[in-house]
Each structure stands twice: as C-alpha cells, then as structure tokens.
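Take a look at the structure below.
The values are calculated or read from the model by the stated rules, or taken from the named source; none is laboratory data. Note that the structure is predicted; figures quoted are calculated from it, not measured. A quick note on method: Cβ atoms are made from the backbone with ideal geometry, for glycine too, and the neighbour counts reach across all protein chains shown. Accessible surface is based on the protein model in full, side chains and every heavy atom, while ligands, DNA and RNA are left aside. Shrake-Rupley method; radii C 1.70, N 1.55, O 1.52, S 1.80 Å.
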Amino acid sequence: MIQLQNSFEPVISHLAALEKHVSSPLSNNHISVYREAIAAARVELERRFDDGVNARELVALRSDFIDTLLIQLWQRVGLSTSQHALLAVGGYGRRELHPYSDVDIAIVLGARASKSQSAAITSLVTFLWDIGLEVGHSVRTVKQCATSARSDLTIMTNLMEARHLCGAAERLPELRKLTASNKIWPTAKFFAAKLAEQTARHAKFNDAFQELEPNVKESPGGMRDIQVIAWVANRHFNAASLRGLVANKFITETEGADLLGGEEFLWQIRCALHFKAGRREDRLLFEHQKSVANRFGYTDDDSNAAVENFMKDYYRTVRELSSLNEVLLGLFQEAILEPASKARVAPLNRRFQIRNNAIEVCNPSVFARTPTALLEIFLLLQQRPEIIGISAATIRLLRQNLHRIDENFRNDLRAKSFFMEIIRHPRRIGHELQRMHRYGVLSAYLPVFRAVEGLMQFDLFHIYTVDEHTLFVVRNMRYFSFPRDENDQSKLVRSTIEQVPKLELLYIAGLFHDIAKGRGGDHSSLGAEDAVAFCQSHGLSNYDTHVVAWLTRNHLVMSTTAQRKDIYDLDVIKEFAAFVGDQMHLDYLFLLTVADIRGTNPELWTSWKEALLSELYIATRRALHRGYKLPADKDEKIQSTRRDALEILAAQKCDGPEIELLWDSLGDNYFLRHRPDEVAWHTQSILSTASDDLPLVAVRSFDERGATAVFIYQNDVDNLYALASSALDRLRLDVKEARIITSNAGFTLDTFMVVETDGSNMIHDAERIEQIRNKIRATISSGKRDEIPPTPVSRRKIKHFTIPTSVEFESDRVHGCTVMEVIATDEPGVLSKIGRALQECDVRLHDARIATFGAHVEDYFYITDRNNKELDAENQIPRLKNAVLTALSG
C-alpha cells in the first residue's frame, strides 16, 4: 500500500480493503467502493479545510490520495509489469489538485500497446469515469507525445509538468529529452506564444480583474497569471516551482513571497468555491461571495460590509499579482530575449533615458538619490508621446522604492509641483493616473486613495471598484476634449468642455468625488473635506478650492434632479438654476455628472439619460441667462407651446377649429408638461381616431430623447395605469417616465417613455410597434392584468441583492399633490403592482419618474385623491403605504 503523507485514516481503509484483492480484475462491484473512498476523501478534505488546514497542504493531500488510487488501479488492470508509464500532468503533475479539479494523466507507451494492454488501458479510463473522476487523458508513445507537443502549446505545457506515478520509470526522462527547449519550443518561441495566449485570455475578461463575478483562475491577476510566470521561467531555467525562480535570482525574495502569498490566497478561495458548489467552480458568483467571506471570517453587523471587505482583499491581491506578472514577464523579455547590443538608447535628462521606445532610469540609484523622480517619470511620459511605456527593470525599481513616498515626500514642494503638472498637462492624464495606480504610486502619494483601492459595492449598479471607477471618470473627462471617434461625445459635451476655464479643477473633483466611500456618513461631504485639504496643500486659490469642494459635495445633485424630478416643470428649473448659481458651476457640474455616470456602468449611460441631462442643462442655461425667469409666467409657457404645436400641425396639413376645441378640454397642466412636438403628435393621433375605436395607442420614437413614447388616449377608467404598466411589463419594455393627464372632457392621456430591456433604445420596427399597440389595446379592453414571471438570469443575480422595500411620502404644496417614493428590488411587474395598489386605495396618479439602479428601483409618483387634493396623513397615506408594501411583497 502506498502511504499518504498525513494519511487519511478514515479514508484509506476503503482502499486498503481492496488492496488484498489487487490481482482480481475490475468489475462493477468495485465501483461503489471506490466512489465511497473518493467521497470520504472529499469529506475529510473539507473537514480539514474547516479546521484551518491551508489550501497548499490540502491540494497536495488530494493529489497524494489520487496517486494512491491510480497506482492501485494500474496494478489491478495488469499494467504494472508493462513497458508503459502512468504520468500525472498539468496541475496534477504539480501536486496541485483542488477538491473538484480534473485529473489529467498521460499514459506513455514504451512501444505499441498489445491488444490486451489496449483493453486494460480502456478499462482503466472507463473505470475512472465510472467512479466519478473527471479525467483528462492521452495515450501516446514518447515520440507521439513530442510530435503532438510540437504543434500544440497546451500539450507542451502539460508535459513540462509531468510527474511519474507508476510503470516504466524510464519513459519520463525519454520524454523530457525529446521535449527539451533545444528540440522543440525554444525559450523565445515559447515565451511569445504564452504571452499571446495570456493576452487573448485577458481580452475575454475585458482586461479587467475587478469584474463583479471574477474567475479566480482565468481572470487577469488570477491563478493562471502566476502559472504563466512559472511556465516561462521553467522553460528557460528548468525551475519546477516559484521557489526555484528565487534560487535562480530571476525573482527577488520579496517578489517570490508576494507570488506565493497571492497564490495561496486564491487557492483558499478556489477550495472554498469547490466545496460550496460541490463541483468544479472557479467563478466568484454573487451566490458564493457571502458564504466564502463568512467562511474566511469576514463578519459584520452589515452583511454587505463583510463581503465588500472580502472582495476588497481579493481585488487588491489580484491587482498586485497582475502587476507582478507584467513586471516579471517584461524583465524576462528584456533581460533574456532582447540582446543589449541591439538596444537603441537616447538620453532624456540626468535621470532618465529611452531604450527601445521605453523610458528607464539611467542608473539603479536614481530613485534613492532623487525620490521625486518617482513622479517625474509619469510627467515625462505625458510630455513625450513617442515613449510607449516604462521598462520592466525600472518598474521593478519603482515598486521597490515606494516606501520613499512618505510624509516628507508629500510635503516636498517639488513633489507637489510634479503632481500638479501631471494634472494640468494637456495629454494622457487618464493613462498616466492609471499607470501610477497600477504601480502603487498614486495610493502612496494620496493615502486617502489607498482606502478605496479594491472597494466594491455589493450591488448590480456599481460594476467597478471605487478606485477603478474614479480613474475611469477622469479618463472620461479627458475624452471630452479628445473623443475616440466622432460618435464618442455629444456636441453639447464638446462645446461645454471648451468653456471650462481650468480643466484641472474638473479632474481634481473627479479624483475626490467618491474618495470617502466606505467610511460611513455622507461620502460627498467627507470627500469635499479631503478635496479642500488637497487643494490647500497644493497651492490652489481659495476660489478654485471652493469650486472643487462644491463639485465634490454636490456631484450627485444634477443626476438626481434629472432622474427624479420633472425637468419640464418651470419651478424645478428655477430651483436648480438658483442652486448652481452661474454658468461656470453649471458647466463643471454637467461634465462631472456625465463622466461619473459613464464611469459607473457601461450599460448605465443610455440615450435616455443623455437626453435628460442635456435638456436639464439647456433649460438651466436659459434660466441663468434670463435671471431665473424662464419664461416670465406659466401663461407665456402655455401660449408658446400651443403656438409652436400649431406651426408643426400646419406644416403637416392639419388644421381646423377642432384643434382648439380639443386643446381647450385638455387643461393648462397638459401644455406645461408636454413639448410642442408631443402636443402636435397627440393632437393628430386623437383627431384621426374615431370615438368608437378607443383605446387609442400610438407609438413614436423620439431619437433626440433616447426613448420611445407610448401614448394612450381612453375614457377615464380607474385602473388604466395598472393595466397599461402590466402590458408594458409583459412586452419587456422598461418604463423611464409616465405622465398622466385627465382632460376636462373625461379622457385620460397617458404617455409612457420606454426603452427595450435589452438595452436598445429606439423602437422603429413596424412589427414591434404593432405588437405593442395590440398588446396594450387588448389588455385595456379585457381589464385583466398579466402576472410577469421573472427571467431565470435576472432571478439568479437579483436574489442576492434584495433590499427592504421602502415607501415614503412628502408634500408638494407648490403643485398641490403628494409625492410617493418607492425603493424596492427591481422585479418584473413592479409598476403594475404599484398601479394596482393605487387603484385599490382610490388614488389618482398624475406623474411618475422611474429610475433603476442595478438591482433596485427608486420610483417617484405624484398623486392626489379623487378630488385632486393631497393625501391626508392620518388615513390615506398609511392605507396606501400598506397596500404598496403588500403588493410588492407578493
């Protein structure tokens, strides 16, 4: 019997009981016994894992157990005296077999297998699958292995890590001789292929390690990145482990410790994922993140804080591993593959020079002698666009000298000057801040930034960590001036950025707008305090400091106003214009808001949001120019809308007294809340529809608003909103806004601004438009709402982000109504359920503002009682609140 290290006493008994019968052929009777042994081994492994045995020991234990099992089965099928060998390859060859990882083996033939030996090999492989092992196997002669490896990089990589298990021991050295780097895959070719393979793999994950559900094995900075370093160096140095690379002086002891520590952290997570899923699972899915965090002792009264702290450690670890991967592969290329004799060197100054289009230090003591060169190097990269990056050797030196960025360094006037020159430079600020972040310089210089490195928010709204989001925001600001293509920025953004007097104030506000997240309290106010401290220490004037602080403190106001309030309401525009105060503050806030939303989630920036912000900006700009008087009064606004709508109708050959008759019945509020082109469209639709052909459902896309309008005209019925929203849910349309008008003649005019839930905004397809019209008409005519089943994908993600439903009320005395705010999990049918609650409580809906943030909604409903009065606080509000909570809990 092969003895296991730290033997599995409860497990080995299963195998030991079979060993006395190793001469008997395999049969179905053996399957259950071996299955029990494998299951018992996994139970024992998990028990030890929970008792604190680290993953490095655990994966070796499983490898040793599988060794024992395979050696015994090799003997049982009668191959122990053959000329063939059984080798462990890949991760199994390294003795790194995770709880549910595949078992990769190579059966290397000494000569062509006999008929009986072929049958034995087939029996062995079949039996391994029968007992529940997922086996990757090959059966080849030594020469066939070499031939296959020559044309297949994966096979070559697996064979490099081959380990002899049993059978003819001479097969392994024969294999190593035929697959050595002087025979096939020389170092340079192998390195280039592995680098290309890694680049392609990273591209599959958008070159980002901060994904919400990362893959601990394949994502950038994951286990595979560590293995690439080992494979490349192994091919050149013949070093079988990361420790061997330290012995060969390819990596320093510190780098080796960082690699091994990061690897062990990822192994711990991977083992926990395997045990949690009961199968091979390398993705840190939402459903696993909390349980894995708890398993490792991340606990907090706020469960989200626990998982966020765990993921913070994860993101910081993989960022460090990703940086090490970049440095070490770059060093390998520079030191081993690129002869110094062929280098092209050009001096920059006394500290730096350009070698082969990369910047490097002139000597290794530059950072020690002149610490501020740690910032100067990034300014030089901005100033010299022909430089494509930093040499790997210099990156290594830069990382080794980060400790020099201390309090004395931060107070050094030269360091402050370099940093502000970087911020003020007209080129590549986004690129260089990201590079400074990647190499640890940014967080060393700005300790407050260090606190948000790797900080994620456990929701579906913020898909980047706070540090990555912050740098995306600054990069977006830079793209305002230099768009990547003609469709990258709107004309309004481009014209606004040209009016800003000092771009550096915008960039600094971008750096600090979320800097205080994770501390508790109001992050906007706390961030403003940090921004003030930075500005004062870096010599900005009191006025400029005030602008940056104001932007940081109020960076959410414009987005909130656009999404939660009626931007066609003159009072809303006047209030917002008074808040910003002048054109300059409006310009800065608009640009910060656009950059912030675009840097939060690529799916968040839609044509609809762009249109909302643009319309709010233009209306506020007009109000500022007119001294907040826009227009002089509501009567002027109404007359202007009617006049412009008449011109549109006249151009379409639509006129006559019936237009004025219709408009007189609609009431003033209709013309205050609709634009002239909407009024003209509604009018033409109503007048061309017979009274016995109601309900009227018209659909039109407004490209400039980034949404499609669904207009419903019908005799006023109590449940019209509930029916219409139910039909829109069934049609998988995402409602962004709802305006409800009841005419003096007893008709309801409902306008829903919608987009497709798949992300496409405009609806131009004739069949789709007809489908929408027919479905809404049928639902209204039947009077029956549809129940909307959630999609499996949405349920998998959303169920991990359920939030308590909140229903709050406030009085809007200006408009004589009650505002109901509903915050709830984003589920299909939310609007329909709220509509049903409104109907049950005999409440009239006049307007709705719909906003979705990841997995939750924040919706605002402007409501009155049947007599168009505000709801009373004693009876109507408590009753409606209970009805909404009940409806959304069902």
**Report entry** segment 548-577, residues that are in contact (Cβ under 8 Å) with a residue 24 or more places away in the chain, part of a helix (DSSP H, G or I) and acidic (Asp, Glu)
**Finding:** Asp571
Query - segment 642-659 residues that are free of Cβ contacts under 8 Å to residues at least 60 places away in the same chain and over 12 Å from Leu687 (Cβ atoms), paired with ones that are in a helix (DSSP H, G or I) and of a type in the set (Phe, Trp, Tyr) (beta carbon under 7 Å, 6 or more apart) - result: Arg642/Trp663; Arg642/Phe671
Query - Residue in segment 805-827 that is farther than 24 Å from His674 by Cα, at pLDDT below 85 and either among the hydroxyl-bearing types (Ser, Thr, Tyr) or part of a helix (DSSP H, G or I) (or both) present - result: yes
**Report entry** Residues (open to solvent by 30 Å² or more (accessible area, probe 1.4 Å), closer than 16 Å to Ser101 by Cα and either among the acidic types (Asp, Glu) or in contact with a Leu (Cβ under 7 Å, 6 or more places away or on another chain) (or both)) located in segment 24-83
**Finding:** Glu46, Glu57
Query raised in the report: Assuming Thr852 fulfils every condition listed in (1) at negative phi; (2) open to solvent by less than 10 Å² (accessible area, probe 1.4 Å); (3) in contact (Cβ under 8 Å) with a residue 60 or more places away in the chain apart from one, which condition is it?
Result: (2)
Query raised in the report: Out of all the residues in segment 630-641, is one or more among the hydrophobic types (A, V, I, L, M, F, W, C), over 23 Å from Ile712 (Cβ atoms) and surrounded by fewer than 17 Cβ atoms within 10 Å (Cβ to Cβ)?
Result: yes
Report task. Being at pLDDT below 80 and out of contact with any Gly (no Cβ under 9 Å at 6 or more places or on another chain) is the filter; apply it to segment 754-783 and report the residue that is nearest to Ile850 (Cα to Cα). Result -> Thr757
Requested in this report: Return the total of residues in segment 715-740 being farther than 16 Å from Val830 by Cβ, surrounded by fewer than 20 Cβ atoms within 10 Å (Cβ to Cβ) and either in contact with a strand residue (DSSP E or B) (Cβ under 8 Å, 6 or more places away or on another chain) or modelled with pLDDT of 85 or more (or both).
Outcome: 3
Report task. Residues being of a type in the set (Gly, Ala, Ser) and open to solvent by less than 20 Å² (accessible area, probe 1.4 Å): count how many of those fall in segment 501-555. Result -> 8
**Report entry** helices (runs of 4 or more DSSP H) contained in segment 169-249 and holding at least 3 residues among the small types (Gly, Ala, Ser), free of Cβ contacts under 8 Å to residues at least 12 places away in the same chain and surrounded by fewer than 21 Cβ atoms within 10 Å (Cβ to Cβ)
**Finding:** 187-204
Query raised in the report: Has segment 197-215 got any residue that is within 23 Å of Asn309 (Cα to Cα) and touching a His at 6+ places or on another chain (Cβ under 7 Å)?
Result: no
Query raised in the report: Within segment 752-782, which residues are surrounded by fewer than 20 Cβ atoms within 10 Å (Cβ to Cβ) and outside any helix (DSSP H, G or I)?
Result: Glu756, Thr757, Asp758, Gly759, Ser760, Met762, His764, Asp765
Query raised in the report: Does Leu273 satisfy the criteria of being of a type outside the set (Val, Ile, Thr), in contact with a strand residue (DSSP E or B) (Cβ under 8 Å, 6 or more places away or on another chain) and surrounded by 16 or more Cβ atoms within 10 Å (Cβ to Cβ)?
Result: yes
Query raised in the report: Restricting the search to segment 283-313, which residues are in a helix (DSSP H, G or I), basic (Lys, Arg) and at pLDDT 90 or above?
Result: Arg295, Lys312
Requested in this report: For segment 685-700, enumerate the residues that are surrounded by fewer than 17 Cβ atoms within 10 Å (Cβ to Cβ) and in contact (Cβ under 8 Å) with a residue 24 or more places away in the chain.
Outcome: Ser685, Leu687, Thr689
